[in-house]
Amino acid sequence: MTTVVLADDEALLRKALASLLPLEGEITVLAEAEEGEAAVQATLRHRPDVLVIDLEMPGVDGLGAVAEIRRARPEQVILMLTRHARPGVLRKALKLGVQGFVSKSAEPAHIVSVIETLHAGRRWIDPDVSALAIVDDCPLTDREIDVLRVTGEGYSVADIATRLHLAEGTVRNYLSNAMQKTQTRTRHDAARYAREHDWF
């Protein structure tokens, strides 16, 4: 029997998976979470064999939750559900040690087989996810993407520096580089450009 925590902000999908996964295989769903911080708490409390987590969630997103979980529980096996894997996001998730990626449109039976594959110590990336992720035309570094992502949330340079544990001058340098690379006039334009190009 493989134990699982399910984290997804789409209630319909989460409830459907919670009902269907045990029918498709030897799976016990220990808990559900609808946002990132709840996913962290549920994973640390229940210690599942596999955490099945959505990439995009309100508050702390999937990557943020995974980073927190990794610090407290480095051995946790993680399967990430995604609609569209952007190259930078896939790279970051792999660096965080995510073992599997499955499209949210996958059949429950397929998701069960991937959960079992990961639980057996192997990795899995759906072909359609990896195909999307191979096309990497992003000129920005990971740090420049981080700074732009926080900029897009409306924070000031000082707030960005605090949130990312960087000096304000360093944040300004990253923003300046990003504006040059995207050929935009303001940091907000650069953040918008990056989002439109699915760079984060």
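The values are calculated or read from the model by the stated rules, or taken from the named source; none is laboratory data. Predicted model, so just to flag it, every value in this text is computed and none were measured. All Cβ positions, even for glycine, are placed from backbone atoms using ideal geometry, and neighbour counts span all protein chains on display. These accessible areas exclude ligands, DNA and RNA; they are computed on the full protein's heavy atoms, side chains included. Shrake-Rupley method; radii C 1.70, N 1.55, O 1.52, S 1.80 Å.
Straight-line reach from Lys92: which lysines fall under 24 Å, measuring Cα to Cα and dropping same-chain residues less than 8 apart?
Result set, ordered by chain and number: Lys104, Lys181.
Tell me, what is the FRET efficiency for Thr117 and His165 to the nearest 0.05, using R0 = 45 angstrom and their Cβ-Cβ distance as r? Walk me through the intermediate numbers first.
Details: r = 36 Å, r/R0 = 0.80.
Once the sixth-power term is evaluated, E becomes 0.80.
Over all Cα pairs of the range 1-75, how is the pair count split among 10 Å bins, expressed in % and running from 0 up to the last occupied bin?
With a bin width of 10 Å, the distribution comes to 22, 54, 23, 1.
May I ask for the angle, rounded to the nearest 10°, between helix 11-24 and the longest principal axis of the chain, with both axes built from Cα atoms and the value confined to 0 to 90°?
Between the helix axis and the principal axis of the chain, the angle is about 40 degrees.
So, with +1 on the Cβ of K and R and -1 on the Cβ of D and E, and no other charges, what is the size of the charge dipole of the range 58-120 about its Cα centre, to the nearest 20 debye?
Working: 9 positive and 5 negative charges, 70 e Å.
Around 340 debye, computed over the range 58-120.
Once amide H atoms are built 1.01 Å from N in the peptide plane, which residues 5 or more positions from Val77, or in another chain, come under 5 Å H to H?
Here Leu51 satisfy the definition.
Starting at the first residue of the range 190-200, write each ³J(HN,Hα) from the Karplus equation 6.51 cos²θ - 1.76 cosθ + 1.60 with θ = phi - 60°, in whole Hz, x for Gly and Pro.
Calculated HN-Hα couplings, in order: 5, 5, 5, 4, 5, 5, 4, 8, 6, 8, 8 Hz.
How much of the accessible area of the range 15-165, probe 1.4 Å, is carbon plus sulfur, in whole percent?
Values: 3760 of 6960 Å².
Carbon and sulfur together cover 54 percent of it.
As a test of the formula, what do you get for the chain when each DSSP H run with n ≥ 4 contributes -39,500 (n - 2.57) and the sum is divided by the residue count, at 222 nm and rounded to the nearest 500 deg cm²/dmol? Numbers along the way, then the final one.
Working: 10 runs with 109 residues, N = 200.
About -16500 deg cm²/dmol.
If you roll a 1.4 Å probe over the heavy atoms of the protein chains, what accessible area per residue do you get for the chain, in Å²? Display every interim value, and only then the final one.
Values: 9770 Å² over 200 residues.
Per-residue accessible area for the chain comes out at 49 Å².
Take the Cα coordinates of the chain, assign each an equal point scatterer, and use the Debye formula without solvent to give log10 I(q)/I(0) at q = 0.15, 0.18 Å⁻¹.
Those come out to -0.91, -1.18, one per q.
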